[in-house]
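A.B. asks: Can you keep this structure in mind? I'll have questions shortly.
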Amino acid sequence: ILYRIIGNDLYPRHDEGQSLANLEFILQHEPDLEGCEKRWIFNRIRQPARLQRLVDLLVAHGYGYDVIPFDADAFADLPWDWGVLPSPGFLASDAYVRALSHQRQAWELALYRNKNNYLMNNNGARNRALELGRSRGADWILPWDGNCFVTALAWRQLCVAVMR
């Protein structure tokens, strides 16, 4: 089973709507893969309307999916990571004001570490794919990111390499 894990579009790592565009591209251009079931996992998508668009697209193409839900209360309870700053009150200091723009942005983004880790949930989603694949009796479970695409030739080469 090939599981593709689709999460939130996280700026600046992703463009707005990138996960939807990636899914559309895969569904339009990737061939059926011999001996492979394709499934998707929606990983803590925080916007219900965006999740519904993704689900509707998969359902229209006849694919199965699972959802790791976004828990707004759990997300809200996560603390800011103040420990990344050089000192308490640093954001109100002259040193912060004098810092270069990219340095200020790096500190600001670092404050979000706990919240970003919750949203990304990379290992949690991969572990869920493995759990689901085992429960479905899969011989092989491939937990891939949602932007991975495979051609028919690449799939055949992968299968040959695995069988060796």
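The values are calculated or read from the model by the stated rules, or taken from the named source; none is laboratory data. This structure is a prediction, so every number in the text was calculated from the model and none was measured. Ideal geometry is used to build each Cβ from the backbone, glycine not excepted, and the neighbour counts take in all protein chains shown. Just so you know, the surface numbers come from the protein's heavy atoms only, side chains and all, with ligands and any DNA or RNA stripped out. Shrake-Rupley method; radii C 1.70, N 1.55, O 1.52, S 1.80 Å.
A.B. asks: Under 26 Å from the mean Cα position of the chain (by Cα), among the polar types (S, T, N, Q) and open to solvent by 80 Å² or more (accessible area, probe 1.4 Å): which single residue out of Asn114, Asn121, Asn147 fits that description? Break it down stepwise before answering.
C.D. replies: Numbers: Asn114 fails: open to solvent by 80 Å² or more (accessible area, probe 1.4 Å); Asn121 fails: open to solvent by 80 Å² or more (accessible area, probe 1.4 Å).
None of the other options fit; the residue is Asn147.
A.B. asks: Any residue in the range 119-136 that is more than 17 Å from Trp40 (Cα to Cα) and free of Cβ contacts under 8 Å to residues at least 60 places away in the same chain?
C.D. replies: No, there is no match, as no residue in the range 119-136 is more than 17 Å from Trp40 (Cα to Cα) and free of Cβ contacts under 8 Å to residues at least 60 places away in the same chain.
A.B. asks: Test Trp40 against the criterion of being open to solvent by 30 Å² or more (accessible area, probe 1.4 Å) and either modelled with pLDDT under 95 or within 14 Å of the chain's Cα centre (by Cα) (or both), and give yes or no.
C.D. replies: Values: open to solvent by 30 Å² or more (accessible area, probe 1.4 Å): no; either modelled with pLDDT under 95 or within 14 Å of the chain's Cα centre (by Cα) (or both): yes.
So Trp40 fails the test.
A.B. asks: Quick one: which residue in Val84, Val67, Val97 is in contact with a helix residue (DSSP H, G or I) (Cβ under 9 Å, 6 or more places away or on another chain), under 15 Å from Gly146 (Cβ atoms) and either modelled with pLDDT under 95 or not polar (S, T, N, Q) (or both)?
C.D. replies: Details: Val84 fails: under 15 Å from Gly146 (Cβ atoms); Val97 fails: under 15 Å from Gly146 (Cβ atoms).
Just one listed residue meets the conditions, Val67.
A.B. asks: When the residues of the range 48-62 are narrowed to those that are touching a residue at least 12 places away in the same chain (Cβ under 8 Å) and out of contact with any helix residue (DSSP H, G or I) (no Cβ under 8 Å at 6 or more places or on another chain), which ends up farthest from Gly133 (Cα to Cα)? If you could, list the steps in order and put the result at the bottom.
C.D. replies: Start the filter on the range 48-62 by keeping residues that are touching a residue at least 12 places away in the same chain (Cβ under 8 Å), which leaves 50-51, 53-55, 57-58, 61.
Within this subset, residues satisfying the condition of being out of contact with any helix residue (DSSP H, G or I) (no Cβ under 8 Å at 6 or more places or on another chain) are 51, 55.
On the way: Leu51: 22, Val55: 19 Å.
Of everything passing the filter in the range 48-62, Leu51 is farthest from Gly133 (Cα to Cα).
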